[in-house]
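Q: Please read through the structure below; I'll follow up with questions.
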Amino acid sequence: EAQVTQNPRYLITVTGKKLTVTCSQNMNHEYMSWYRQDPGLGLRQIYYSMNVEVTDKGDVPEGYKVSRKEKRNFPLILESPSPNQTSLYFCASSSATTGNYGYTFGSGTRLTVV
Amino acid sequence: GQNIDQPTEMTATEGAIVQINCTYQTSGFNGLFWYQQHAGEAPTFLSYNVLDGLEEKGRFSSFLSRSKGYSYLLLKELQMKDSASYLCAVRPRGFQKLVFGTGTRLLVSP
């Protein structure tokens, strides 16, 4: 089944403790992206990647890192999480060959930083 | 800059028709998408418009006017399961990136 897999689904952590949210897609998509979703603010892009080893900042990149060492994986790293990073996070992927369908989204990761 | 506006919330009755509007101002245009999102779940694709006009897909239709920077999603024969948020998103020219509006929460009542 074609899908984007995120882990974990839920995570509660403490301020300053490094964490990684994994994202993997099995559709051979070139483009991958991370979004956060907050009430009243909608989906905002954190980072994106056009292909392996090509990443760039989105609209709200502060406090986050990403890497794209393999085409299928695009982990999101929070080196020192803070409470304002409490949010619902989505990974998404797409391809130029399926552009008319926009993104395929992962199931989301609800992160709470206390 | 990018700006996408849609109403925050709408209510409608089961069996009725509802129209959700979206206006946008973006630096370039390469398509407009509508997604449905149930609370706490991932957005799922509903429709895509890149040319002016109406695209119909079952109970859902989407309209685009590029000259007016305007789109709407039309939902017919509303069902309780249509209670969800509806996200309008624009893809600026030359990018895979989607810019999302804040979404319209639709509540369908019996």
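Bear in mind these aren't lab numbers, they're just calculated from the coordinates by the rules spelled out. It should be emphasised that the depicted structure is a prediction, and the values quoted were computed from it without experimental measurement. Neighbour counts run over all protein chains shown; Cβ positions are idealised from the backbone, glycine included.
Q: Being within 12 Å of the chain's Cα centre (by Cα) and away from chain B (no Cβ under 14 Å) is the filter; apply it to the stretch A:69-85 and report the residue that is surrounded by the fewest Cβ atoms within 10 Å (Cβ to Cβ).
A: So the first thing to find is which residues in the stretch A:69-85 are within 12 Å of the chain's Cα centre (by Cα), and the list is A:73-78.
Narrowing the set further to residues that are away from chain B (no Cβ under 14 Å) leaves A:73, A:75-78.
Details: A:73: 16, A:75: 18, A:76: 22, A:77: 14, A:78: 21.
Of everything passing the filter in the stretch A:69-85, A:77 is surrounded by the fewest Cβ atoms within 10 Å (Cβ to Cβ).
Q: Considering the stretch B:29-46 alone, what residues qualify as being in contact with a Gly (Cβ under 9 Å, 6 or more places away or on another chain), surrounded by fewer than 18 Cβ atoms within 10 Å (Cβ to Cβ) and touching a residue at least 12 places away in the same chain (Cβ under 8 Å)?
A: B:29, B:30, B:45
Q: A further question on this structure: For residue A:66, state whether it is buried (at least 21 other Cβ atoms within 10 Å of the Cβ) and not polar (S, T, N, Q). Don't jump to the end; show me each part of the working.
A: On the way: buried (at least 21 other Cβ atoms within 10 Å of the Cβ): yes; not polar (S, T, N, Q): yes.
Yes.
Q: Here's something else I'd like to know. Here's a check for you: in the stretch A:26-36, which residue that is buried (at least 23 other Cβ atoms within 10 Å of the Cβ) and in contact (Cβ under 8 Å) with a residue 60 or more places away in the chain is farthest from residue B:97 (Cα to Cα)?
A: The qualifying residue farthest from residue B:97 (Cα to Cα) is A:29.
Q: Could you tell me which residue of the stretch B:75-97 is farthest from the other protein chains (Cβ to nearest Cβ), considering only residues that are surrounded by fewer than 16 Cβ atoms within 10 Å (Cβ to Cβ) and not in a helix (DSSP H, G or I)? Walk me through how you get there before you give the answer.
A: Residues of the stretch B:75-97 that are surrounded by fewer than 16 Cβ atoms within 10 Å (Cβ to Cβ), as a first pass: B:76-77, B:79-81, B:93-95.
Filter again for not in a helix (DSSP H, G or I), leaving B:76-77, B:79, B:93-95.
Values: B:76: 22, B:77: 24, B:79: 23, B:93: 12, B:94: 11, B:95: 9 Å.
Ranking the candidates gives B:77 first.
Q: Which residues, counting only those in the stretch A:86-110, are more than 8 Å from every other protein chain (Cβ to nearest Cβ) and either surrounded by fewer than 21 Cβ atoms within 10 Å (Cβ to Cβ) or touching an Asp or Glu at 6+ places or on another chain (Cβ under 9 Å) (or both)?
A: Result: A:86, A:87, A:93, A:95, A:97, A:98.
Q: Please state which of the following conditions residue B:55 fails to meet, knowing it meets all the rest: (1) within 28 Å of residue A:4 (Cα to Cα); (2) in contact (Cβ under 8 Å) with a residue 12 or more places away in the chain; (3) within 12 Å of chain A (Cβ to nearest Cβ).
A: Evaluating residue B:55 over (1) within 28 Å of residue A:4 (Cα to Cα); (2) in contact (Cβ under 8 Å) with a residue 12 or more places away in the chain; (3) within 12 Å of chain A (Cβ to nearest Cβ) leaves (2) as the failure.
Q: Now, a different point. Among the residues of the stretch A:43-54, which ones are within 15 Å of residue B:97 (Cα to Cα) and more than 12 Å from the chain's Cα centre (by Cα)?
A: Within the stretch A:43-54, A:50, A:51, A:54 meet the criteria.
Q: Just need a number here: residues in the stretch A:54-81 that are among the small types (Gly, Ala, Ser) and farther than 21 Å from residue A:25 by Cα. Can you show your working first?
A: Here is the first cut: in the stretch A:54-81, the residues among the small types (Gly, Ala, Ser) are A:58, A:63, A:67, A:80.
Checking the rest, the ones that are also farther than 21 Å from residue A:25 by Cα come to A:63, A:80.
Within the stretch A:54-81, residues that are among the small types (Gly, Ala, Ser) and farther than 21 Å from residue A:25 by Cα number 2.
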